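J.: Following this message is one structure expressed as structure tokens.
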Amino acid sequence: MNNTLNWVEIPALDIHRAAAFYGALFATPLTVVAGEVRNVVILPHEPGGVGASLNQTKGFQPGDKGPMIYLNGGQDLAPMLARVEPAGGVIVEPKTDLGGNGFYAIFRDTEGNHVGLMSAG
């Protein structure tokens with residue numbers, strides 16, 4: 001087993017609003033794929049790597065009390081963090097040094113989820 005995680009699903013109440021927020025965060029357009037049971041937006045990831053999606057489906061509710069997911073913030077968190085608030089999110093914890101092990105920050109997305117960003121440098 002190479003990775004503990006295989007796939008992450010982030011709940012959304014309004015899939016189009018969530019797609020716009022995460023599209024702004026990653027600075028790339030994202031597409032909503034409508035299904036019979038759920039609506040999905042695939043977040044950017046390398047083929048064969050750990051991926052994530054936004055999901056709007058009955059009973060899957062956003063919140064700030066569940067597991068913390070950290071998205072790859074690239075080499076420097078500053079550019080992504082600068083896009084959080086203009087896209088409608090809120091920075092909960094600013095860029096914080098992990099004592100030589102990189103940096104992290106936490107934001108609340110437009111759906112109410114607390115999500116982290118992490119970078120090596």
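Nothing in this text is a laboratory measurement; each read-out follows from the coordinates by a stated rule. Note that the structure is a prediction, hence the values are computed from the model and not measured. When we count neighbours, we look across all protein chains shown, and the Cβ atoms used for this are built from the backbone with ideal geometry, even at glycine.
J.: Using a Gaussian network model of the chain whose springs link C-alpha atoms within less than 10 Å, name the residue from ALA78, ALA87, ALA19 with the highest mean-square fluctuation.
T.: Among ALA78, ALA87, ALA19, the largest GNM mean-square fluctuation belongs to ALA78.
J.: Still on this structure, I have one more. So which trypsin sites (Lys or Arg not before Pro) in segment 15-76 pass both tests, a DSSP loop state and at most 15 other Cβ atoms within 10 Å of the Cβ?
T.: Taking segment 15-76 and a limit of 15 other Cβ atoms within 10 Å, the loop trypsin sites (Lys or Arg not before Pro) found are LYS58, LYS65.
J.: Round to the nearest 10 and give me the degree value, 0 to 90, for the angle of helix 15-26's Cα axis relative to the longest principal axis of the chain.
T.: Computed tilt is about 30 degrees.
J.: Skipping prolines and chain starts, which residues have an amide H placed within reach, meaning under 5 Å, of the one on GLY73, given they are 5 or more residues away or on another chain?
T.: Under 5 Å from the amide H of GLY73: MET118, SER119.
J.: Counting only DSSP beta bridges with both residues in the chain, what percent are antiparallel, rounded to the nearest 5?
T.: Working: 18 of 27 bridges.
Approximately 65 percent, going by the DSSP bridge assignments.
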